[in-house]
1. Can you report the number of residues in the stretch 74-106 which are surrounded by fewer than 18 Cβ atoms within 10 Å (Cβ to Cβ), at pLDDT 90 or above and either closer than 28 Å to E138 by Cα or touching a helix residue (DSSP H, G or I) at 6+ places or on another chain (Cβ under 8 Å) (or both)?
2. Within the stretch 33-44, restricting attention to residues that are within 22 Å of V167 (Cβ to Cβ) and within 16 Å of the ligand (Cβ to nearest atom), which residue is nearest to the chain's Cα centre (by Cα)?
3. Could you give me the residue pairs with C-beta distances under 8 Å whose first residue belongs to the stretch 210-231 and is within 27 Å of L29 (Cβ to Cβ), whose second residue is more than 16 Å from the ligand (Cβ to nearest atom) and among the hydroxyl-bearing types (S, T, Y) wherever it lies, and which are 6+ apart or on separate chains?
4. Within the stretch 45-60, how many residues turn out to be over 13 Å from the mean Cα position of the chain (by Cα) and either buried (at least 22 other Cβ atoms within 10 Å of the Cβ) or free of Cβ contacts under 8 Å to residues at least 40 places away in the same chain (or both)?
5. Taking the residues in the stretch 134-149 that are in a loop (DSSP other than H, G, I, E, B) and under 25 Å from the mean Cα position of the chain (by Cα) as candidates, determine which candidate is surrounded by the most Cβ atoms within 10 Å (Cβ to Cβ).
6. Could you tell me how many of the residues in the stretch 45-67 are away from the ligand (no atom under 12 Å from the Cβ) and under 19 Å from A241 (Cβ atoms)?
7. Evaluate the stretch 71-86: report whether one residue or more is under 23 Å from V19 (Cβ atoms), away from the ligand (no atom under 16 Å from the Cβ) and assigned to a helix (DSSP H, G or I).
8. For residues that are within 16 Å of the ligand (Cβ to nearest atom) and in contact with a Phe, Trp or Tyr (Cβ under 8 Å, 6 or more places away or on another chain), tally how many sit in the stretch 123-173.
Amino acid sequence: MSDPEAGQRREHGTPLLEVRDLVVHHGQLRALDAISLRVLPGEVYAIIGANGAGKSTLLRTIAGLHQPTAGSVLFDGADVSRLRPERRVTQGIVMVPEGRRLFGSLSVEENLKVGATYARQGPWTIEHVYEMFGWMRERRNQLTAQLSGGEQQAVAIGRALVANPRVLLLDELSLGLAPVVVQRIYGMLPQILQTGLTVLLVEQDVSQALRVASHIQCLLEGRTTLEGRPADVTADQVEAAYFGMAGTAPASRPAEGSET
Ligand code: ATP
């Protein structure tokens, strides 16, 4: 089920998704200032940072919802910086947006069908989503506005999965959810990764990000303040990078070809 080239790419340290020196403005505000990252196939790459750090802007730019002032987004070795959002979806870049953004007046199944509009061929079907989230099948005709926050988040993930992403962009899954619900949602990640997906997620909940990620990058006011594997960064480094205290030094990415 996994991408046949994924192992090779991973072995050679060739990223599936790469961002190079990305600069994004919102009007006069420089929301992202020369951000770069390399996401290897099969990894869970987490962007952490406080409110306003630029995390959502980064994900939305990768998805094609903001145009960069400078820099580029490369996917599978090709520059996709100028592609329209829906073209990126058909290439396999699919986002679960912050706040879910479901159609509340549509049913669970109708929302899932919306996600399949620009679907690639692949293992994920509505049926497969129902197999993963058992409760969803029974409630497929219910309006999503009537669901709890956690249930809505699950539908938003399902809606993204039916497009058969190669890289799944997850924006603040934990937002507004009780810790136990967040645990349950993140508990689905291994099952999702088993189908050969790569995940780039944004998370304000640092401990959650450190638990699930193979690589983290901290943003502060649009700049990278720390980068590395969770095992290679200390709690003090993370705290300093997150809040912007002096003395932070980026931890380097492991050598090409090493395990992540
Ligand atoms: P949060 O966790 O609060 O969503 P974030 O790290 O995702 O924060 P962004 O939402 O990317 O940060 O915002 C980065 C900066 O850009 C902030 O100063 C924000 O106010 C500003 N910003 C974001 N979107 C827009 C927009 N559409 N128009 C103007 N400014 C914006």
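1. 2
2. Result: L37.
3. T224/S36; T225/T248; L226/T248; E227/S252
4. Qualifying residue count for the region: 3.
5. So the residue we want is L147.
6. The number of residues fulfilling the criteria is 2.
7. Of the residues in the stretch 71-86, the ones under 23 Å from V19 (Cβ atoms) are 71-86.
With the extra rule that they be away from the ligand (no atom under 16 Å from the Cβ), the set shrinks to 72, 74-84, 86.
Of the ones still in play, those that are also assigned to a helix (DSSP H, G or I) are 86.
Yes: the stretch 71-86 contains one or more residues that are under 23 Å from V19 (Cβ atoms), away from the ligand (no atom under 16 Å from the Cβ) and assigned to a helix (DSSP H, G or I).
8. 1
The values are calculated or read from the model by the stated rules, or taken from the named source; none is laboratory data. The shown structure was predicted, so the numbers you read here are calculated from the model rather than taken from an experiment. FYI the Cβ positions are ideal-geometry reconstructions off the backbone, even for glycines, and counts take in every protein chain you see.
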